[in-house]
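The values are calculated or read from the model by the stated rules, or taken from the named source; none is laboratory data. As the structure is a computational prediction, the values presented were derived from the model and not from experiment. Virtual Cβ from ideal backbone geometry, glycine too; neighbours counted across all protein chains shown.
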Amino acid sequence: MWYLVNSLVSPKKFFHLSSKMIPWLTALFILSFTYGIIGGLILAPADYLQGNGFRILYVHAPSAFLSLFIYVVMAVAAFSSIVWRLKLAFLVIRHSAPIGMGFTLLALITGCLWGKPMWGTWWIWDARLTSELILFFLYIGIILFQSAISQKRSGNRALAILILVGFIDIPIIHYSVYWWNTLHQGATLKLFTPSAIDSTMLYPLLAMISAFVIYYAIILFLRMGYELTAIDANHHWLKE
């Protein structure tokens, strides 16, 4: 079992698999993003309370979701690096952190733009906004820590521990709207109960979230593939 897992995440297996997947992922991204934009900006009706101002949801919600999703991916990679010493774990962390930081910044900016007309202010020290800001600083800290590592093996282990400790912010962000009295609205999408959002608004939102996840996968595969070609340029499997 261990041999199978190790072979599937080896640089050679990953490089060949990701190279084959990127064209398909690109096509899926174009389809999802196109439908999401058209459905969200044109087909979906205006919200009965927020009017057309709600349409920033189609950028804000996917960005916020990706900010959490990418950190979860990094935490899984960090755990895998400690327990199973997977070869590509730190490549995933290294190239996911800047992407996650970008999506977190986009979520904060769009949240401010949405908050101004709805709340009358650009920023409040709301539990959801504040915990999301902490996540942004976590990403910055991880990126700076990576650049400051001098002893690779011990530094990588310390980085993995830092990521796992910072993971505590993820459930805080998710449940902040339930644990504290907050202006931020509750979850738009729910796993175990029907969503209150109308289907004409829901499907474009799901398409945009899918498009953002696929975009992350494409960029991650490209960045990791480029580093693998730089590090292992003399390996015979790359020449093939």
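Quick notes on this structure:
- Within the range 54-76, considering residues that are free of Cβ contacts under 8 Å to residues at least 24 places away in the same chain and within 18 Å of the chain's Cα centre (by Cα), the one nearest to MET208 (Cα to Cα): VAL73
- Matching residues in the range 51-81 - criterion: being more than 28 Å from PRO171 (Cα to Cα) and polar (S, T, N, Q): ASN52
- Some residue of the range 214-228 being modelled with pLDDT under 95, in a helix (DSSP H, G or I) and of a type in the set (Asp, Glu): yes
- Residue within the range 26-41 that is modelled with pLDDT of 95 or more, assigned to a helix (DSSP H, G or I), within 19 Å of LEU228 (Cβ to Cβ) and aliphatic (A, V, I, L, M) present: no
- Taking the criterion of being in contact (Cβ under 8 Å) with a residue 12 or more places away in the chain, within 13 Å of PRO204 (Cβ to Cβ) and part of a helix (DSSP H, G or I), the only residue of the range 42-53 that qualifies is LEU43.
- Residues that are of a type in the set (A, V, I, L, M, F, W, C) and part of a loop (DSSP other than H, G, I, E, B) were ranked within the range 187-213; the one that is modelled with the lowest pLDDT is PHE192.
- Residues of the range 97-137 satisfying the condition of being among the hydrophobic types (A, V, I, L, M, F, W, C) and free of Cβ contacts under 8 Å to residues at least 12 places away in the same chain: ILE109, CYS112, TRP122, TRP123, TRP125, PHE137
- So PRO62, is it assigned to a helix (DSSP H, G or I) and either touching a Cys at 6+ places or on another chain (Cβ under 6 Å) or surrounded by fewer than 20 Cβ atoms within 10 Å (Cβ to Cβ) (or both): no
- Residue in the range 82-107 that is surrounded by the fewest Cβ atoms within 10 Å (Cβ to Cβ), counting only those that are more than 14 Å from the chain's Cα centre (by Cα) and in a helix (DSSP H, G or I): VAL83
- Cβ-Cβ under 9 Å pairs, at least 6 apart or on other chains, the range 138-160 side under 25 Å from PHE103 (Cα atoms), far side modelled with pLDDT under 85 and in a loop (DSSP other than H, G, I, E, B): ASN156/ILE149; ALA158/ILE149; LEU159/ILE149
- Among the residues of the range 16-26, just one is within 16 Å of TYR216 (Cβ to Cβ) and free of Cβ contacts under 8 Å to residues at least 60 places away in the same chain, namely TRP24.
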